[in-house]
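Here's the structure, in structure tokens; my notes come after.
Bear in mind these aren't lab numbers, they're just calculated from the coordinates by the rules spelled out. It should be emphasised that the depicted structure is a prediction, and the values quoted were computed from it without experimental measurement. When we count neighbours, we look across all protein chains shown, and the Cβ atoms used for this are built from the backbone with ideal geometry, even at glycine.
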């Protein structure tokens, strides 16, 4: 056994095997995440198909400029995340920390703006529940649209929060020089998670913000 | 214990060494203790139900109590015994050993999964203590979301949390089997138990998150009336059934696939033969795991689902029966020209063959649209799934526990008593559940606290059988515990079995293998005589 | 004691015999395979038990021919069962034309039924022999399921939606009615009796039973009391489509799709009128959810269905 | 293990492509294309997701197993949505 290799857990043969296991593990986890959000996407598709008018009216109430802004911020954060990993690949410690901090800042921006949007919707009485106030026709199904809106974006925001927490840990590790060109699997795996959260948003954006634009 | 070489049990004794262990074998023991506890909790509920059903009037407990009993019976035994049972106990212990690894890929996640499991269990027990839940384990809306005034959210949360332990176990197995096989251990040299665990892991990963989000939406519906499942404000309760069964039908295969894996190991060992049609048995596990996701709508033929969707789900359900049939035929063919010894594990395995065959065949009755109209939601369904889950899974689980008991604890169980218990379980099981097929066709609906008088004879027969079955389950509990101290010491390989797990001492050392084994032969190379191949 | 141990429920509908036939066929198939497996297992275990002279097994890898056989033969058998079961399912689902129409409302924990002439029953259903009966069912609260074992039929009863079930009784007698979908505390008490009577006895029962108002008649009064006709009339000022003759027609919706006006569409148009708006009309109808009881909605439907189609084709959602 | 090193320009190119696609999808949403609105929005979203997965998540340079995992997630989601729609889409056929 090569117990003397730094960072090698006792039950793996070599670092290659350990890293491959980590990467596969994260991908397997992301597949479960796809199915987790998938339940919501399925329900959304069913109701959107059954009540297109109510869903378009609901979507019309969302601010498309905000939606576009979120998208740009998240795509930007994916870029900076990729650059942080690249910095680890080429062994530049300060750049790693810099890009990770940028990523977290972008993520935080997203969450803060989202918070304001929630507050706005709440003030407008669009929070599903007994106080739901809807002026337009077909209030029941507009309520279902907003239920999906809050459930999907809320769950997404929760994932971002967890992601920022993970990146914070990675940031500390990076600052201590834990990631080298040959050993930065932890950072890479965290990156996979962060990108996944971005991919979810890429689908949420048109479904929630864009279906009610035309007409 | 003085002259025993160091192994995973005697290496350390403190509480901490168990509760903070990262050793997959110790975590398996932790799981063994917890699921045994839940087995008897769930079994206790069943005993009360069978006593209640002795008379038509419903005079032992109140209707409310009875409804809570069958709900908690289903919930506890499905989420806290059947689903984690074989994977988290035997799988945890055996997967690394069978593939020649020193541990699972993520030992910390493995321990975490046990803690998550215990947390989910405590939530559920809290809900039981606080008054229980009466929705049926299926949580159908709008009863669960609006009308039931029991602890739906607490129990739902229990199931939700436990789901994550299942996901972590599946993830761990999947990665371990992919990346950590010993040199020379190619896919087609793997024991069939590993194939079965692999297929199970796929379902755990792909299905469990869907039940998680469904329970989450149910809780939100109950708390805030979000309307998604609530018909009184425009939602559709049938959507809940779709999402629920998308997981809960494949969940049946989470239970039965590992059981099938055990059967392959036991039959090969005690017929001293390679499993007939190894590749077909291996691939049928994958086929079941994948096809199993296409059939959930057969629980909903009468739910208001479209007739055409019913057609699609019906034909797909027949297709998923085929790989199970293939397995049964292959196991039977394995016995041909074997050298068979009827040890306790083998008795359980042969019992499994018979009971699983009946359970599987009666599944055809339910997949058939026109007949399902009559038997749906009757005791026919109850009998069918108990033949699969008790006659199949629990028989295989007990067989596996006996088979690997000497490996896990280094002691032999008393063979004679064990054979007696296996026969008692088999007889008791059939007496309990066969009458329920007849009851179902007669029209007795499930979840009935009181029933009309003409159903009484069959119910009494069933309850009588249940008392025999209960006795049969208590016996192993007693003699297995007894054997821990007083059983004969087992050697490294008391069955003279093949497979890497038998190449280590019993009980195995913490690191499993002092030197990573190199595999040079196929699984089950029992050194059969070369003979003219017949058939 | 064997009288106490029946194996089949009474068979009392035109399709119950066919369900039994499929059941018996499946039992035969199952018995064949179960006995085959058991015989082989027991036989092999005995013949090849370990004993002096049989210490080692013979090496047999497998056989492609056998694998194909036991894949394809069961596949063929299951396909036969599938087709048989599917045909039966359609027969059980598709009601014939001239059914006796009965309205059923399930609620925790009773069945409320009403005959077309207005007679109401609770947990009892009287029907004539030899005439197909179709039930239009809905629930006031949770999901129930209408199950008559002697007729071999069953259907879930859903809130906010109609489902239906039909049967043609072929034997007089009293049969159990069960709720088969778990619906709460007194689920097992949500049971009743179906009385199949000779047609003349049924007529006598109808006369003797407390006759309420016929649903279509009650629906007409509701229609007038709710002033439905202020919007739904023929003429250029109409604000909603003419309802006479609408039932069963295919209309276009505002979003371009089309839908057949069935019970469920009419119901939705009353409780959520703007969810699926008919093309050419404004979203101005208020919802009647909560204002009308399930029974009243069923009465309105009965009235709308009873209206004769007008001679002149009115402008009805096929655009202005 | 250090993985494939993507040149800076590559990442920037992907980023710009994603931003451009975002602009296109917003623009298209304001045109009335009937049912094609949905098709366009979903196609663009899918292309964006594939770009992120292939380049930012390095799947393009990963083992075949990772490809299979990623594809499995999409496939199972399609099963769930597709078979559920098979019910809702055909309910009024009979």
### Message
Taking beta carbons within 10 Å but only from partner chains, what does the mean come to for residues C:83-91?
### Response
6
### Query
Looking at region B:121-218, what % of the alpha carbon pairs are farther apart than 19 Å?
54 percent
#### Entry: Footprinting exposure proxy for B:278, B:115 (fewest neighbouring C-beta atoms within 10 Å first)
B:115, B:278
### Query
Once both labels are modelled 7 Å past Cα along the beta-carbon direction, what's the residue C:90-residue C:31 spacing in nm?
3.1 nm
### Task
Based solely on C-alpha atoms, express the radius of gyration and the Dmax of region B:350-439 in angstrom.
15.8, 53
### Query
Which whole-number percent gives the relative contact order of region A:1-118, counting Cα pairs below 8 Å spaced six or more residues apart?
16 percent
### Task
Would you please state which residues of region D:31-62 a label at residue A:16 would reach in this model, taking the label point 7 Å out along Cα→Cβ and a backbone N cut-off of under 17 Å?
D:62
### Query
How many percent of the alpha carbon pairs in region C:201-249 exceed a separation of 17 Å?
55 percent
### Query
Counting only the backbone N, which residues of region A:180-204 are under 12 Å from the spot 7 Å out from the Cα of residue D:20 toward its beta-carbon?
none
### Query
Is region B:463-535 best put as rounded, prolate or oblate by its Cα gyration tensor, with a ≥ b ≥ c the root eigenvalues, rounded for a/c under 1.5, and otherwise prolate when a/b is larger than b/c, oblate when not?
oblate
### Message
Can you give me the angle between helix C:215-225 and the longest principal axis of chain C, using Cα atoms only, in degrees from 0 to 90, rounded to the nearest 10?
### Response
40 degrees
### Query
Using the Cα atoms as the points, what is the convex hull volume per residue of the protein assembly as shown in Å³?
175 Å³
### Message
For a protection proxy built on the mean count of beta-carbon atoms within 10 angstrom, sort B:440-453, C:297-310 highest first, please.
### Response
B:440-453, C:297-310
### Query
Can you give the convex hull volume of the alpha carbon atoms of region A:15-210 per residue, in Å³?
105 Å³
### Query
Going 7 Å from the Cα of residue D:8 toward and past its Cβ, which residues in region A:93-115 have a backbone nitrogen under 19 Å from where you end up?
A:93-103
### Query
What's the extension gain from residue C:97 to residue C:306 if we count 0.36 nm per residue and subtract their Cα-Cα distance?
73.7 nm
### Message
What is the ratio of the Cα radius of gyration of region B:1-137 to 2.2 N^0.38 Å, with N the residue count, to two decimals?
### Response
1.32
## Note on the structure
Gyration tensor on Cα atoms of region C:223-306, a ≥ b ≥ c root eigenvalues, a/c under 1.5 rounded, else prolate if a/b beats b/c, else oblate, says rounded
### Summary
With the convex hull built on the alpha-carbon atoms of region B:31-503, volume per residue in Å³ sits at 136 Å³
### Message
Need the full-extension length gain, residue B:54 to residue B:13, defined as separation in residues times 0.36 nm minus the C-alpha distance. One decimal, nm.
### Response
10.0 nm
### Task
Can you tell me the FRET efficiency between residue B:149 and residue D:91 if r is taken as the Cβ-Cβ distance and R0 is 30 Å, rounded to the nearest 0.05?
0.40
### Message
At a threshold of 8 angstrom on Cα-Cα distance, excluding pairs fewer than six apart, so keeping six or more, what relative contact order does chain C reach in percent?
### Response
15 percent
### Task
Could you please state, rounded to a whole Å, how far the C-alpha centre of region B:393-407 is from the C-alpha centre of region A:113-192?
45 Å
### Task
Find, to one decimal place in angstroms, the Kirkwood hydrodynamic radius of region B:250-376, where the mean of 1/r is taken over every pair of different Cα atoms and then inverted.
15.6 Å
### Task
Show that you can apply the helix-only estimate: for chain D, add -39,500 (n - 2.57) for every DSSP H stretch of four or more residues, divide by all residues, and state [θ] at 222 nm to the nearest 500.
-23000 deg cm²/dmol
### Summary
Expected sort for C:237, A:117, C:263 with the fewest Cβ neighbours (10 Å cutoff) up front is C:237, A:117, C:263
### Task
Taking 7 Å along the Cα-to-C-beta vector as the label spot, tell me the residue C:255-residue D:50 distance in nanometres, rounded to one decimal.
2.8 nm
### Message
Over the Cα atoms, compute the radius of gyration (one decimal) and Dmax (the largest Cα-Cα distance, rounded to a whole number) for region B:386-522, in Å.
### Response
20.5, 67
### Task
Calculate the mean, over all residues of peptide B:432-441, of how many other protein chain Cβ atoms lie within 10 angstrom of the residue's Cβ.
2
### Summary
For the pair residue C:7 and residue A:176, the simple spin-label estimate (label points 7 Å beyond Cα toward Cβ) gives in nm 7.4 nm
### Summary
Helix-only [θ] at 222 nm, chain C, -39500 (n - 2.57) per DSSP H run of 4+, per residue, nearest 500, equals -11000 deg cm²/dmol
### Summary
At R0 = 51 Å the Cβ-Cβ FRET efficiency linking residue D:64 and residue B:423, nearest 0.05, sits at 0.55
### Message
Can you divide the C-alpha Rg of region C:111-171 by 2.2 N^0.38 Å and report the result to two decimal places?
### Response
1.12
### Query
Tell me, C:266, B:202, C:177 in order of fewest to most beta-carbon neighbours within 10 Å?
C:266, C:177, B:202
## Note on the structure
With R₀ set to 45 angstrom, the calculated FRET efficiency between the beta-carbons of residue B:477 and residue B:130, to the nearest 0.05, is 0.95
### Query
Quick one: helix B:278-291 against the long Cα principal axis of chain B, what's the angle to the nearest 10°, folded into 0 to 90?
30 degrees
### Summary
Taking every residue of C:139-147, the Cβ atoms of other protein chains inside 10 Å of its Cβ average out to 5
### Task
Counting helices only, and only those DSSP H runs with n ≥ 4, report the 222 nm mean residue ellipticity of chain A as the sum of -39,500 (n - 2.57) divided by its residues, in deg cm²/dmol to the nearest 500.
-26500 deg cm²/dmol
### Task
Please work out whether region C:40-121 counts as rounded, prolate or oblate from its C-alpha gyration tensor, where a ≥ b ≥ c are the square roots of the eigenvalues and a/c under 1.5 means rounded, while otherwise a/b larger than b/c means prolate and anything else oblate?
prolate
## Note on the structure
Once normalised by the length of region D:1-62, the mean sequence separation of its alpha carbon contacts under 8 Å that are 6 or more apart gives a contact order in percent of 43 percent
#### Entry: Share of pairwise Cα separations in chain C, more than 34 Å, in percent
43 percent
### With Cα atoms, 0 to 90° folded angle of helix B:152-179 axis to chain B main axis
30 degrees
### Summary
Note: chain D, point scatterers on Cα, Debye, no solvent; log10 I/I(0) at q = 0.10, 0.12, 0.17, 0.22 Å⁻¹ equals -0.42, -0.58, -0.94, -1.13
### Message
Please report the spacing between the Cα centers of region C:202-231 and region B:214-279 in Å, no decimals.
### Response
48 Å
